[in-house]
Amino acid sequence: MIAKNRSPLLSWTAIVPVLALVVLAVSWGHDLGVVLVVLVALVLGATVLAAVHHAEVVAHRVGEPLGSLVLAVAVTIIEVALIVTLMLSGGPDAATLARDTVFAAVMITANGIVGISLLLGALRYGVTLFNSEGTGAALATVATLATLSMVLPTFTTSHPGPEFSPAQLTFAALASLALYAMFVFTQTVRHRDFFLPVTEEGVVEEEEHASPPSKKAALTSLVLLLIALVAVVGLAKVESPAIEAGVRAAGFPPSFVGVVIAMLVLLPETLAASRAALRERVQISLNLGYGSAMASIGLTIPAIALASVWLKGPLELGLEPTHMVLLALTVLVSVLTVVPGRATRLQGGVHLVLMAAFLFLAINP
C-alpha cells in the first residue's frame, strides 16, 4: 500500500496536520476574505491527503485486507464530519445533504473508482483479474445497504415525504451497522482469502512490496491521523459558508454540495486505488472502492441518524426517481462486471460513462 517504512517528522504529511491546527485556531470565528478562503481550502485539502496517508501507514502495519478497511473507515469519519458540520449551519437544503453526499459517494466509488481502476489495469495488463466471490459479496452488501437506506424512504408511508419515521430510521441504522459488521468479519476473519489479489493462475497472493512500518512509525501515524481528523472537522466548519456560496455562484443545484464533499474525501481513495491497479492489484482497488461505498452508507447513516437527535429540521434520505434509475443501472452493470472475475477496458469504460452521467445530471438535473 505504501512504499516507506516510516514517516519522517519533517515530511509534509507530518507538518500539514500541525499546520492545519494552527490555521484552524487563527481562522475560527472570523469572516474570511476570498484569499483566506482559498488558503484555508488548500490547507483542508492537504490535510485530507495527509490523513489518508497516515491511515495507509497504519493500514500497511496491520496488513490486507484489514488495511483497506482502516483506510475506508478513516475516510468515512472525514465524510461524516463534513456532513454534520454543514448540516449544523442549517438552511433549507440541509435536510437532503446526508442523502446527496452518501449517494454521490456510492456513485463515485462504484463507478468512478471501480471504472478507472479497471481501465488502468486493462490498459497496462490487457485483462484485470480479481476474486469474484469476495467482490460479489461486497457488491451485494453495498446494494442492500443503499436500498434499505436510500430507496425505501421514498416509498414508506409512516412519515410524509421521503423520510423515515423515528422507528424506521432506527431500524435502518441498526441494520446498516449489522450488515457492515458481518462484512468486516467475513473480510478480515472468516473468508480473508476472498479479498486478496490473485495471479493469472488464480493463486491467491499475500500483499508484497515494502515491509510493514515499525510499531513506532505506525503509532506516530496514528497520532498524526487523529490530529488531522480534528483539523479537518474544524476547517470544514470554517469553509462551510464558502462551499455553499461557491455552489450557488456557479449556478449548480444545492444538492451539488454533497457531490463536492464526496469528491473531496474520496480523491485520496481514488489515487490509492489507481496505484494498486497499475501494480496489477485490482482486487485491492475493488476492496477500496466497494469498501468505501459500504462504509459511507453503513457508518454514515447510523452516525447521521444519531446526530439527527440534536440536529434541527427533517432528514430526507429517499432518492429521487432519476437517482434510483442510476443506482439500479449501476448495480446491474456491476453484477455483470463482477461475476466473471475478470474485466477488460470496456467494463471500465462503461462504469466511467455512468459516472459521467451522474455528474452531468447532478449539474443539470
Of the residues in the range 161-172, those that are surrounded by fewer than 17 Cβ atoms within 10 Å (Cβ to Cβ) and either assigned to a loop (DSSP other than H, G, I, E, B) or among the aromatic types (Phe, Trp, Tyr) (or both) come to Gly161, Ser165, Phe171
The one condition Trp310 fails out of (1) among the aromatic types (Phe, Trp, Tyr); (2) at pLDDT 85 or above; (3) open to solvent by 40 Å² or more (accessible area, probe 1.4 Å) is (2)
Condition set crowded, with 16+ Cβ neighbours inside 10 Å and of a type in the set (D, E, K, R), scope the range 198-250, selection modelled with the lowest pLDDT: answer is Glu207
Per the filter on the range 150-160, residues exposed (fewer than 13 other Cβ atoms within 10 Å of the Cβ) and either within 17 Å of Ala95 (Cα to Cα) or at pLDDT 90 or above (or both) are Phe155, Pro160
Might you let me know whether the range 122-130 holds any residue that is at pLDDT 85 or above and under 24 Å from His323 (Cβ atoms)?
no
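Mind checking which residues of the range 124-134 are part of a helix (DSSP H, G or I) and touching a Ser or Thr at 6+ places or on another chain (Cβ under 9 Å)? Don't jump to the end; show me each part of the working.
Restricting attention to the range 124-134, the residues satisfying the condition of being part of a helix (DSSP H, G or I) are 124-125, 132-134.
The answer is Gly134, and nothing else.
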Within the range 330-347, of all residues that are closer than 16 Å to Val106 by Cα and over 19 Å from the mean Cα position of the chain (by Cα), the one least open to solvent (accessible area, probe 1.4 Å) is Val333
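Each row is one residue, and each column tells you yes or no for (1) within 30 Å of Ala343 (Cβ to Cβ); (2) part of a helix (DSSP H, G or I); (3) modelled with pLDDT of 75 or more.
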site: Asp31; (1), (2), (3): no, no, no
site: Thr47; (1), (2), (3): no, yes, yes
site: Val70; (1), (2), (3): yes, yes, no
site: Leu82; (1), (2), (3): no, yes, no
site: Val106; (1), (2), (3): yes, yes, yes
For the range 233-248, pairs from a residue that is more than 20 Å from Ala74 (Cα to Cα) and without any contact (Cβ under 8 Å) to a residue 40 or more places away in the chain to a residue that is aliphatic (A, V, I, L, M) and in a helix (DSSP H, G or I), with Cβ under 6 Å and 6 or more apart or across chains, are Val247/Val257
Residue hits (the range 27-41; surrounded by 10 or more Cβ atoms within 10 Å (Cβ to Cβ), free of Cβ contacts under 8 Å to residues at least 12 places away in the same chain and either within 14 Å of Gly246 (Cβ to Cβ) or more than 29 Å from the chain's Cα centre (by Cα) (or both)) are Val38
Residue match in the range 285-298 (condition: among the aromatic types (Phe, Trp, Tyr), under 17 Å from the mean Cα position of the chain (by Cα), surrounded by 20 or more Cβ atoms within 10 Å (Cβ to Cβ) and within 28 Å of Gly251 (Cα to Cα)): no
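The values are calculated or read from the model by the stated rules, or taken from the named source; none is laboratory data. Since we're looking at a predicted model, the values are computed, not measured. FYI the Cβ positions are ideal-geometry reconstructions off the backbone, even for glycines, and counts take in every protein chain you see. Note: areas computed on protein heavy atoms with side chains; ligands, DNA, RNA excluded. Shrake-Rupley method; radii C 1.70, N 1.55, O 1.52, S 1.80 Å.
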